[in-house]
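Below you'll find the structure, written out as C-alpha cells, and then a few comments.
The values are calculated or read from the model by the stated rules, or taken from the named source; none is laboratory data. Predicted model, so just to flag it, every value in this text is computed and none were measured. Heads up, the Cβs are rebuilt from the backbone with ideal geometry, glycines too, and the neighbour counts pull from every protein chain shown. Side chains are part of the model used for accessible areas, which takes the heavy atoms of the whole protein and leaves out ligands, DNA and RNA. Shrake-Rupley method; radii C 1.70, N 1.55, O 1.52, S 1.80 Å.
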Amino acid sequence: MKRPVYLYNSMTRKKEEFKTHEPMKCGMYTCGPTVYHFAHIGNLRTYIMEDVLEKFLRFYGYDVKRVMNITDVGHLSSDADEGEDKMVKGAKREHKTVLEIAKYYTDAFMSDCAKLNIKTPDVVEPATNLIPEYIEMVSTLLEKGYAYFADGNVYFDTSKLEKYYVFNDFEEEDLQVGVREGVTEDSSKRNKTDFVLWFTKSKFEDQALKWDSPWGVGYPGWHIECSCISIKHLGEYCDLHCGGIDNAFPHHTNEIAQSESYLGHEWCNQWFHVHHLNDETGKMSKSKGEFLTVSLLEQKGYNPIVYRFFCLQSHYRKSLTFSYEGLDNAKVAYDKLISKIAALKNDGEVDMAVADEQTEKFCNALSGDLNTSMAVTALYDVLKLKANDATKLYLIDKFDYVLSLNLLSEAKKLNDSKPEEKDVNADVPAEIMEMVMARVEAKKAKDFALADSLRDRVKEAGYTIKDTAKGPEVIKD
C-alpha cells in the first residue's frame, strides 16, 4: 500500500496529508504570468517546482487537471489597486497594442517553459476570455453584501469576513496599505484592506481594454480573474492552489476572500507556495541588475535543463541564491551524470524486484513534501546499484518522467557524438585473424605454449601482433 502524500500547507503552516475532494482526482490551479515582459528565471523556478509536483502526482496515480491563467488585463503595478496596468505599461514601452504585447510575451513564456520541460497545463485561459463570469461574480458579491460601489468602482468589503489574513498571524494594523512603500491609500475604500473587483473609467481614463458592465465601462481587478477561471474549469472546489510565495498576500488572500464569499463554503484545501530565487544582492526582479532570462542563459552557453537541475537540488520552501558559479557547478554535475548514463548498456532483463524497491525510495522522497534533492539522490543511487544496466536504464527513464532532465536523450546524444572507432584490423586477411583470435583464447585458457606458437606463425606470415587494452592490433611487417 502506498504511503500518503504529505505537503506543507501554507494556510495551516504545517505538513499535512494531501486530501482531495474526490479520491485520487486533483483539481490543480497555478497562477500564470502577467504577459507584459519576459519571465525571469526566478519566476520560472516556481513553474519548475509546480511542474514536478504535477508530474509526481500523476506518477503516483492521481488524475490531475491543471489550470493556469494568463493575466493580460487588470494587474496594476501596485498591489494596492494603484499605479498603471502592467499590460498598458508594456505596450507603451514597446509602442505596440496591448493585444500584441500579450501575444508576444505569452508565446515567449510558453517557449521558455518548453525549453525547461515544463508541461503545458491542461487548461490555459487568458483573463480577457471571461468578462461575463467576472461580472456575474461581482454582481453576486454585491447582492450578498460582500461588495460595495464607490466612486465608479466596485470594492470587496473585507470587514465582512471573520478572518481575512489567512496566511499569517499578523494583526490588521501590522500590514501597510498595498504592502509596497510609497503607495497612497485609496480614499474610496471603506477599509484599507478592501480591494477592487471592477475598475471603471473613473479611475483610468486611458485604459486600453474596456468592457461594458452594470457599473460602467471598465475592466476586472487582478484577483477576481483567478477565482473565476478556477471555478469555471475546476468547479466549486479546488484541491491544490500553487504560486510564488509573494502571491500569498494580497493576491491569494483576496482570492480566498471573494471565492468563499461567492460560493458560500470553503474553496481550496491545500496551498503550495514556492520561495524566492535571489541573486547575490537580494530578491531577483525585472527592475534591477542583469535581467536573467532563459534566453540570456542560452546566450551564455548554458542548456536550460541545467538550470532546471540546479533548481531541483534545493527544496521549494527554501530561498535559493542564483550565481553563475552555482550554475557552473550544476553543469559539471549534470554532464558527469549524463556520461555515467551514456556508459550503460541496455542488455538483459529488468529486475522488477529491484526496480520496485528503488521506485518506492524515489516516491518516498517526493511524497515527503516534494523533496526534490532527495529524489535526485535516489537517481544517483540507481547508478550505484549492484544490478544490470537494463534495470538501471528502466529506473532512470521512469524517474525522469517526474524530474524531466532529458537523461536518456542527452546520453544518446553524447554517444552519437563520439566518432566511430575504426576497425584497425579491417585489412588483415581472414586466415591471419583466425590465428590471432585463437591466440586470444589460448591466453585466456593459460595455454601459453600454444599462444606463443600462434604468434610465431603470424610472424612468419609477415604480421606482428601488438596487444592493447582494446584487444590485439595486427601490423603488417
Rg(Cα)/(2.2 N^0.38 Å) for the chain, N = residue count
1.32
Treating only Lys and Arg (+1) and Asp and Glu (-1) as charged, each at its beta carbon, one finds that the chain has a dipole about its Cα centre, in Debye to the nearest 20, of 1120 debye
Where does the chain land at 222 nm, in deg cm²/dmol rounded to the nearest 500, when only DSSP H runs of n ≥ 4 count, each adding -39500 (n - 2.57), divided by all residues?
-13500 deg cm²/dmol
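Determine the order of Val424, Val35 by accessible area, beginning with the largest, at a probe radius of 1.4 Å.
Most to least solvent-accessible, the answer reads Val424, Val35.
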Which of the listed residues, Ala108, Gln258, Thr200, is farthest toward the dipole's positive end in the chain, when Lys, Arg count +1 and Asp, Glu count -1 at the beta-carbon?
Ala108
Keeping all protein chains in place, calculate the accessible area per residue for the chain (probe 1.4 angstrom), answer in Å².
47 Å²
Environment charge of Lys144, counting only residues whose C-beta is closer than 14 Å and scoring Lys/Arg +1, Asp/Glu -1:
-3
Of Arg93, Arg317, Arg457, ordered by accessible area with the largest first and a 1.4 Å probe, the sequence is Arg457, Arg93, Arg317
Report Val88's accessible area, 1.4 Å probe, all protein chains in place, as a number in Å² to the nearest 10.
20 Å²
For the pair Val217 and Leu161, what calculated FRET efficiency results from E = 1/(1 + (r/R0)^6), where r is the Cβ-Cβ distance and R0 = 25 Å, to the nearest 0.05?
0.25
Given the protein chains as shown and a 1.4 Å probe, how many square angstrom of Trp267 are accessible, to the nearest 10?
0 Å²
Once the Cα gyration tensor of the range 396-455 is found, what semi-axes does its equivalent ellipsoid get, as square roots of 5 times the eigenvalues, in whole Å, sorted largest first?
44, 17, 7
Farthest positive-ward along the chain dipole, Cα basis, beta-carbon charges - from Tyr29, Asn371, Ala333:
Ala333
Considering only protein heavy atoms, with the full assembly of protein chains and a 1.4 angstrom probe, order Met374, Met435, Met110, Met24 by accessible area, largest first.
Met374, Met24, Met110, Met435
Enumerate cysteines in the chain without a disulfide-compatible partner, where compatibility requires another Cys Cβ under 4.7 angstrom.
Cys26, Cys31, Cys113, Cys226, Cys228, Cys242, Cys311, Cys363
Inverse mean reciprocal Cα-Cα distance (Kirkwood Rh) of the range 1-100, Å:
16.3 Å
How large is log10 I(q)/I(0) at q = 0.12, 0.21, 0.22, 0.25 Å⁻¹ when the Debye formula is applied to the Cα atoms of the range 337-435, each weighted equally and without solvent?
-0.49, -1.04, -1.11, -1.31
Of the options Met87, Tyr60, Gln358, report the single residue whose Cα projects farthest towards the positive end of the charge dipole of the chain (beta-carbon charges: Lys, Arg +1; Asp, Glu -1).
Gln358
How large a share of the accessible area of the chain, in percent, is made up of carbon and sulfur atoms when the probe is 1.4 Å and the other protein chains stay in place?
50 percent
Any idea what the dipole of the range 336-396 comes to, in debye rounded to 20, about its Cα centre with Lys/Arg Cβ at +1 and Asp/Glu Cβ at -1?
360 debye
Cross-link table Lys443/Lys470; Lys119/Lys232; Lys418/Lys444; Lys331/Lys361; Lys300/Lys418, entries beyond 27 Å C-alpha to C-alpha:
Lys418/Lys444
Take every DSSP beta bridge with both residues inside the chain and express the antiparallel ones as a percent of the total, to the nearest 5.
50 percent
Reported to the nearest 10 Å², His40 has, with a 1.4 Å probe, an accessible area equal to 10 Å²
What does the charge dipole of the range 391-477 about its Cα centre add up to, to the nearest 20 debye, if the Cβ of each Lys and Arg holds +1 and the Cβ of each Asp and Glu holds -1?
320 debye
